[in-house]
Structures are given as structure tokens and as C-alpha cells.
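Visitor: Right, I'll just put the structure down here and ask away after.
The values are calculated or read from the model by the stated rules, or taken from the named source; none is laboratory data. This one's a predicted model, so the numbers in the text were calculated from it and none came from an experiment. In this analysis, Cβ positions are derived from the backbone assuming ideal geometry, glycine residues included, and neighbour counts consider all displayed protein chains.
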Amino acid sequence: MSDHYNCFDFRRLSHPLHQKALRVCFLRNGDRHFNGVNMVISRAHFKDFHALLQGVTESLGRHVVLRSAIAHFCRTDGSHLTSLSSFRETDIVICCCKNEEMVWVKYSVNKDFLRMVESCKRWRQRRLYSGCLDRIKPYDLPEAIQLYIESLETVVQNPNTLIYRGQSKASRTKCIVKMVNKQRRSNNYVEAEVLRQLQSHPNIVELMYTVEEERYMYLVLEHLDCDMQDVIQELGIMSEKSARLVMRCTVAALAHMHQLQVIHRDIKPENLLVYFSSGGWNFEMVKVADFGLATYYRDKLYVFCGSPCYMAPEIIAMSGYDYQVDSWSLGVTLFYMLCGQRPFASASQDVNEIYAAIMSGGPSYPKDMDGVLSPGASQLIDGLLVRNPSNRSTIAELGQYPFLAL
């Protein structure tokens with residue numbers, strides 16, 4: 001791995017938390033008559049959790065008698081809130097003084113807060129039922145997500161795709177929340193089903209849990225440091241040693257999928273996630289991710305799908321395809337890692353020109369790569385980028401290549 005890896009700044013791959021102002025009602029522990037104090041919570045209002053405790057103590061002290069300063073918060077279900085990021089929009093919170101246990105009574109909440117809660121529910125339903133995911137906010141996510149995941153920040157958001165980055169409240173591990181509109185997908189449940197079936201493999205991203213609603217499904221997945229596209233864009237051409245590790249991990253994952261009759265159909269650097277060792281930029285593990293286009297193989301497939309630069313000729317020709325499309329995409333990925341460009345590219349990035357190049361010509365090697373690639377790397381690329389799928393190397397055959405055996 002190049003020494004330049006030590007210069008890479010991980011902050012480029014993450015974003016600071018921008019917490020929305022949340023509206024919360026604070027009730028006094030054990031007081032069934034007090035209707036609560038409505039407050040707005042954000043880092044602009046309270047710099048940290050201790051400042052919030054002080055602010056709530058002052059506000060409640062104007063209305064009720066307190067034995068001491070407020071020491072901790074609970075929801076009505078008894079769960080504790082221990083940080084600013086623990087709060088959710090329209091939370092109803094019980095405030096306990098020092099050495100107090102939460103007492104369950106029939107609490108009453110002021111009408112202004114209840115009207116606001118109902119208004120928020122109506123707006124959430126409008127956003128959710130519009131079918132456009134670019135209108136969804138983190139506080140629109142179901143309670144089963146918000147109870148266990150905190151510090152949600154948007155990674156991708158458009159009308160059809162919504163992905164958040166967050167962390168588990170219990171384990172503090174990073175995770176990804178992917179929201180899927182079931183009504184816009186012909187294979188509503190395939191992604192979740194496939195991931196559940198493949199969970200035993202170390203080179204496949206972990207599915208932590210799922211949440212299902214009438215219109216949407218939410219997948220909570222493990223989060224790794226970055227993807228191979230990030231690495232290539234930052235560092236350029238990879239060493240054959242590093243590419244070999246990526247290939248071994250990916251081949252192992254694909255072999256497992258194919259044994260279980262699963263085709264990924266979208267192998268590319270963006271979907272290969274990387275885990276780095278604590279000592280620097282030598283990555284230890286690569287995992288295959290994004291099973292949005294994955295499907296079970298029963299018979300020849302004809303659905304036109306994939307990423308243009310990585311699509312196999314038989315998909316473009318719509319002549320029917322099978323597992324061999326994953327071999328082709330893997331070959332394009334290997335070429336890109338070692339050469340710094342895709343083998344079938346278009347200067348104008350016109351999709352039709354890319355398709356024409358895939359269907360008619362061979363891989364286009366950069367001029368400065370003459371004699372650079374080892375015979376083993378060239379042999380593997382040539383074995384994968386065979387236009388006729390019947391003559392293309394299968395994933396099961398790749399272990400015979402010297403490049404992967406070294």
C-alpha cells in the first residue's frame with residue numbers, strides 16, 4: 001500500500017452533526033397535575049447535556065417545588081435519556097431529582113403541546129405518503145429506529161433513495177439506515193431477504209435489523225470506514241498487493257452468494273466497503289454491500305439493470321443472463337483498481353457510447369500501463385472480461401488463477 005495512504009483525511013468521508021431543534025415537553029416526576037413545560041432543544045440552545053439539566057431545573061423551578069436540581073431524564077416507558085442526541089421530536093420527558101426513581105402516574109400534558117404533536121403527525125403522514133423520499137426528515141423515521149439509533153445524518157437523499165449514517169445507542173457502533181419505498185420496487189422484500197440469508201459470511205455487510213411499515217422498509221446495516229471508490233479517487237492506482245486482497249474478499253463473498261443462488265448485479269468499487277486496521281491505511285477487510293439489485297437466480301434473467309460502466313454485454317443485449325454478470329463486473333473493478341480508469345469508457349460519459357464500447361471493443365489500457373501489469377493480473381483481467389459469458393471465467397474458477405493464489 002502506498003505511503004500516500006497516511007495522508008488521507010477520514011474527515012472527508014464524514015460530516016459534522018447538525019442537530020435539528022427538537023420540541024419536548026418536560027414533566028415533573030410523580031406530579032399528575034402539572035401539565036409540563038414546553039422547551040426547544042438543540043446545541044444552539046444548550047451546549048451540552050449538563051447545560052440542559054440546568055436549563056430544565058430553572059424552568060421547572062418557576063412552576064413546581066423541586067427537592068434538588070434535576071439529575072436525570074426518563075421517557076414515560078422508563079428508558080433513560082443521557083445525551084442531547086437521545087432526544088426525539090415531540091418527546092414527553094419525566095424529570096427526576098437526585099436519588100429519585102421514576103414514578104409512574106397518569107401524567108397530564110398541556111394542550112398546546114398535544115396540538116403540536118398532532119400537527120407533526122399530520123405533516124409526517126403527508127411526507128410519507130407523497131412517496132418522495134427527498135421530503136423525509138430524521139424525526140420522521142419510525143420509533144423503532146429512533147429508540148436505538150442516534151446522531152442521524154443524511155448521506156444520500158433524493159426522491160427514490162434515502163440513506164442515513166448514525167450510531168447505535170447501546171454499542172456506540174456506527175451504522176447505516178437505508179429507507180426503501182416498497183411501492184416503487186418490484187422486488188419489495190428481496191434485498192432484506194437476501195441479506196438475512198447471507199449473514200453468515202465475513203465478507204458481506206452485516207444486516208443489524210429491519211423495520212417494516214405499510215409503504216416503507218428500513219434496513220439498519222453496519223457502517224465501515226469508506227468504500228473502494230473513495231480509496232481510488234484519493235490515492236489513484238492501487239498496488240497489485242492491495243488489489244489482490246480486495247479481489248480475494250470479493251470473490252469469497254460472490255462464491256457464497258452464487259452457492260445460495262443469489263446474483264448481486266451491481267459489483268463496483270462503490271459497493272465494496274473497506275475496514276482499516278487501527279495502525280494506519282493498511283485495510284484488513286473488504287465487504288460487499290448494496291444488495292438493492294440482487295436477485296435469486298431461477299432461470300435466465302432479462303431485467304435491464306446495473307451501473308453502465310460495469311454492465312455485462314449480455315445485459316445490454318438483453319439476451320438473457322446469469323451469474324456470469326458478476327464475473328464481468330468484477331473484471332471491470334479489477335481493471336479500474338490497477339489502471340485508474342475503466343476499460344470501456346467514453347470521453348463524453350455518454351451512456352450509449354459506453355454501451356457501444358462494451359459491445360464492440362476490447363479493454364482500453366492506458367498508454368503508460370504498457371509492461372506495468374504483471375502477467376498474472378493481465379491473465380485474470382482477460383479471463384473475466386470475455387464478451388461471451390460461456391467462455392468467461394466463473395467465480396468458482398477464479399481460485400485457479402496465479403494472481404489470487406500468490
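Visitor: So how many residues does the stretch 26-48 have that are surrounded by fewer than 17 Cβ atoms within 10 Å (Cβ to Cβ) and touching a helix residue (DSSP H, G or I) at 6+ places or on another chain (Cβ under 6 Å)?
Guide: Within the stretch 26-48, residues that are surrounded by fewer than 17 Cβ atoms within 10 Å (Cβ to Cβ) and touching a helix residue (DSSP H, G or I) at 6+ places or on another chain (Cβ under 6 Å) number 1.
Visitor: Please tell me if Val288 is of a type in the set (A, V, I, L, M), in contact with a Leu (Cβ under 9 Å, 6 or more places away or on another chain) and not assigned by TED's automatic domain parsing to the domain that holds Arg196.
Guide: On the way: of a type in the set (A, V, I, L, M): yes; in contact with a Leu (Cβ under 9 Å, 6 or more places away or on another chain): yes; not assigned by TED's automatic domain parsing to the domain that holds Arg196: yes.
Yes.
Visitor: Follow-up. Just for strands (runs of 3 or more DSSP E) wholly inside the stretch 207-323: which have at least 3 residues that are more than 27 Å from Gly376 (Cα to Cα), of a type in the set (A, V, I, L, M) and in contact (Cβ under 8 Å) with a residue 12 or more places away in the chain?
Guide: Numbers: elements: 207-212, 216-222, 272-276, 283-288.
Of the strands (runs of 3 or more DSSP E) lying wholly inside the stretch 207-323, those with at least 3 residues that are more than 27 Å from Gly376 (Cα to Cα), of a type in the set (A, V, I, L, M) and in contact (Cβ under 8 Å) with a residue 12 or more places away in the chain span 207-212, 216-222.
Visitor: Additional query: Can you tell me which residues in the stretch 136-173 are at pLDDT below 80 and in contact with a helix residue (DSSP H, G or I) (Cβ under 7 Å, 6 or more places away or on another chain)? Lay out the reasoning, then the answer.
Guide: Going through the stretch 136-173, the residues at pLDDT below 80 turn out to be 136-140, 158-161.
Selection gives Ile136, Asp140, Asn158, Pro159, Asn160, Thr161.
Visitor: While we're looking at this one, here's another question. Within the stretch 62-112, how many residues turn out to be over 34 Å from the mean Cα position of the chain (by Cα) and of a type in the set (Phe, Trp, Tyr)?
Guide: Residues that pass the stated criteria total 2.
Visitor: Ok, one more. Return the residues of the stretch 75-91 that are touching a residue at least 40 places away in the same chain (Cβ under 8 Å) and crowded, with 17+ Cβ neighbours inside 10 Å; say none if nothing qualifies.
Guide: Keep residues of the stretch 75-91 that are touching a residue at least 40 places away in the same chain (Cβ under 8 Å), which gives 79, 83-91.
Within the stretch 75-91, Leu84, Ser85, Ser86, Phe87, Arg88, Glu89, Thr90, Asp91 qualify.
Visitor: Restricting the stretch 209-231 to residues that are surrounded by 18 or more Cβ atoms within 10 Å (Cβ to Cβ) and among the aliphatic types (A, V, I, L, M), which is nearest to the chain's Cα centre (by Cα)?
Guide: Here the answer is Leu221.
Visitor: What about Phe344, is it out of contact with any strand residue (DSSP E or B) (no Cβ under 7 Å at 6 or more places or on another chain), buried (at least 21 other Cβ atoms within 10 Å of the Cβ) and in a loop (DSSP other than H, G, I, E, B)? Walk me through how you get there before you give the answer.
Guide: Values: out of contact with any strand residue (DSSP E or B) (no Cβ under 7 Å at 6 or more places or on another chain): yes; buried (at least 21 other Cβ atoms within 10 Å of the Cβ): yes; in a loop (DSSP other than H, G, I, E, B): yes.
Taking the combined requirement at face value, the residue satisfies it.
Visitor: Pick from the stretch 278-318 the residues that are aromatic (Phe, Trp, Tyr), in contact with a Ser or Thr (Cβ under 9 Å, 6 or more places away or on another chain) and surrounded by 18 or more Cβ atoms within 10 Å (Cβ to Cβ): which of them is modelled with the lowest pLDDT? Reasoning before the result, please.
Guide: To start, the set of residues in the stretch 278-318 that are aromatic (Phe, Trp, Tyr) comprises 281, 283, 291, 296-297, 302, 304, 310.
From what is left, the residues that are in contact with a Ser or Thr (Cβ under 9 Å, 6 or more places away or on another chain) are 281, 283, 302, 310.
Still in the list and also surrounded by 18 or more Cβ atoms within 10 Å (Cβ to Cβ): 281, 283, 310.
Values: Trp281: 56, Phe283: 74, Tyr310: 96.
Top of the filtered list is Trp281.
Visitor: Looking only at the stretch 93-110, count every residue that is surrounded by fewer than 17 Cβ atoms within 10 Å (Cβ to Cβ) and either assigned by TED's automatic domain parsing to the domain that holds Glu143 or in contact with a Gly (Cβ under 9 Å, 6 or more places away or on another chain) (or both) and tell me the total.
Guide: The total comes to 6.
Visitor: Is there a residue in the stretch 326-336 that is touching a Lys or Arg at 6+ places or on another chain (Cβ under 6 Å), buried (at least 17 other Cβ atoms within 10 Å of the Cβ) and part of a loop (DSSP other than H, G, I, E, B)?
Guide: no
Visitor: I would also like to ask the following. Residues of the stretch 321-351 being modelled with pLDDT of 95 or more, within 17 Å of Pro389 (Cβ to Cβ) and over 23 Å from the mean Cα position of the chain (by Cα), which ones?
Guide: Hits for the stretch 321-351 are Tyr321, Asp322, Tyr323, Gln324, Val325, Ser327, Trp328, Gly331, Val332.
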